[in-house]
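Each remark here refers to the structure printed beneath this line.
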Amino acid sequence: MKLKIKQPKKPNSRTSFRVSEIDTLKETIKHQAVRIAELERMLKLDNMNASNEYAKAAHLAIKSVFPYYQAEYVKLHTRKREIVELRQIFLWLLRNKTTMPLKKIGAMCGNRHHTTVMHSTRLVNDLADTNKKYREDLDKIKLAFENFVI
């Protein structure tokens, strides 16, 4: 009688690759779930028709973070930093969270040109990328806006 000696299995590189690949896929799926939730929120916003509702929600969202904010600030023709920054956030909200055309957004803010809306959006994004406190405030405003609209 011959004894069979079991040879240790060679590690299968393909199997170990798949395990790491599965971890990567799980991480990707997790991030996609967040993106899908964001898209669902945006679709709910897109289904609304009245731009006045967007404007009211944007004003309320900004007011929830900056209690001294007044709705008239968006139409003022001033270059005071405090007012300009709040107006830029208002424009950013309407630009990124609604499907309103740039021209209509500009008209809501004291007949501003569509390039002003584009410039404000770029500035807010740049400030959010470089300033942590600004990013936190912007996230609070964005969340408040979504809660008011949805």
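We did not get these values from a lab; they are worked out from the coordinates using the rules stated. Computed from a predicted model, the values in this text were never measured in an experiment. So basically every Cβ, Gly included, is an ideal-geometry build from the backbone, and we count neighbours across all protein chains shown.
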### Query
Within the stretch 88-111, which residues are in contact (Cβ under 8 Å) with a residue 24 or more places away in the chain and outside any helix (DSSP H, G or I)?
98, 99, 100, 109, 110
### Query
How many residues are farther than 14 Å from residue 65 by Cβ and in a helix (DSSP H, G or I) if we restrict to the stretch 125-150?
7
### Query
In the stretch 100-124, which residues are surrounded by 14 or more Cβ atoms within 10 Å (Cβ to Cβ) and either among the polar types (S, T, N, Q) or more than 21 Å from residue 71 (Cα to Cα) (or both)?
116, 120, 121
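Yes/no per residue for (1) under 15 Å from the mean Cα position of the chain (by Cα); (2) small (Gly, Ala, Ser); (3) under 18 Å from residue 60 (Cβ atoms):
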{"site": "81", "(1), (2), (3)": "no, no, no"}
{"site": "100", "(1), (2), (3)": "no, no, yes"}
{"site": "123", "(1), (2), (3)": "yes, no, no"}
{"site": "128", "(1), (2), (3)": "yes, yes, no"}
{"site": "134", "(1), (2), (3)": "yes, no, no"}
{"site": "139", "(1), (2), (3)": "yes, no, yes"}
{"site": "143", "(1), (2), (3)": "yes, no, yes"}
### Task
Within the stretch 73-87, identify whether any single residue is in contact with a Lys or Arg (Cβ under 7 Å, 6 or more places away or on another chain), in a helix (DSSP H, G or I) and closer than 17 Å to residue 53 by Cα, and answer yes or no.
yes
### Message
So, in the stretch 79-94, exactly how many residues are farther than 16 Å from residue 137 by Cβ and crowded, with 23+ Cβ neighbours inside 10 Å?
### Response
1
